[in-house]
Amino acid sequence: MRRPFMNSPEQLASLDGQQYLVLRATGPVAEEYDRTQAALLTGSAAGLPHPHTGHVTLRGFFEPERRPALLAEIRSWAAVQPAIDVEVEAVDTFPAPWQIVIHRLTRTSSLVAAYSSLTRALDTTDFRRLGELSVDEWTFHMSLVYAKTLDPDAWAALELAVQHPVAPRPRIVADELEFVWYEAGVEHSEVIPFAG
């Protein structure tokens, strides 16, 4: 059985009505993610909220009424999308005001190409996208810990302590993505294979 991405009632409630396209961390990437997150949560980030499972978000949406149409669009895009190389580069952070500890990912050619082709496909629609940036502005990442509740001094100390390159860099080839949606406090997911 697949682990949920989010599992606390607070997280699930905050995501109600939203949909996400994500690549699930598997193999050595998942192992690195779990090891790093566990070290954070038993150390300087103890007690902070966090994702339950490692994942790379490609897009977020708010389309609770048009979810079937959005899913059909995503299936069409995925049907011609090659597999995507995912490689962990470093433990890094998104600074204040976000205050998130992340695994920064290498900008592999297939990851950049997938994000760009998804943008082109979505630009022909009017689906409501959340927090979208251009491919040049986007940092490919997996969130490890959400530290927004820390005061500036505690955040500065955590940020300084966690940043480092990951070597050797764990890598996977993602041959599927998940369409995840949140409804009435429950996470739902559908696996969509890529073309190859």
So for R0 = 30 Å, FRET eff. of V191-A39 from the Cβ-Cβ r, to 0.05, ends up at 0.55
For region 58-140, what is the relative contact order in percent, using Cα pairs closer than 8 Å and at least 6 residues apart in sequence?
38 percent
Cα gyration tensor category, rounded, prolate or oblate, for region 24-92 with a/c compared to 1.5:
oblate
Among G47, F140, A157, pick out the residue whose Cα is farthest towards the positive end of the charge dipole of region 11-193, where Lys and Arg carry +1 and Asp and Glu carry -1 on C-beta, about the Cα centre.
F140
Order these peptides, 30-43, 53-66, by their mean beta-carbon neighbour count within 10 angstrom, highest first.
53-66, 30-43
Under 8 Å for C-alpha pairs, at least 6 residues apart: give me the relative contact order for region 11-193, rounded to a whole percent.
37 percent
Using the alpha-carbon centroid of each, what span in Å lies between region 19-69 and region 142-177?
11 Å
Chymotrypsin sites (Phe, Trp or Tyr not before Pro), restricted to region 94-196: which are DSSP loop and have at most 12 other Cβ atoms within 10 Å?
W98
When the dipole is taken about the Cα centre of region 29-108, and only Lys, Arg (+1) and Asp, Glu (-1) are charged at their Cβ, what size is it in debye, to the nearest 20?
240 debye
Simple Cβ-charge dipole of region 11-193, Lys/Arg +1 and Asp/Glu -1, about Cα centre, in debye nearest 20:
160 debye
Towards the positive end of the charge dipole of region 11-193, with charges on Cβ (+1 Lys, Arg; -1 Asp, Glu), say which of T106, Y20, W181 has the farthest Cα.
T106
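All of the numbers you see were taken from the coordinates with simple rules; none came from a lab. Everything quoted here is computed from the prediction, not taken from an experiment. Every residue, glycine among them, receives a Cβ derived from its backbone with ideal geometry; neighbour counts consider all protein chains shown.
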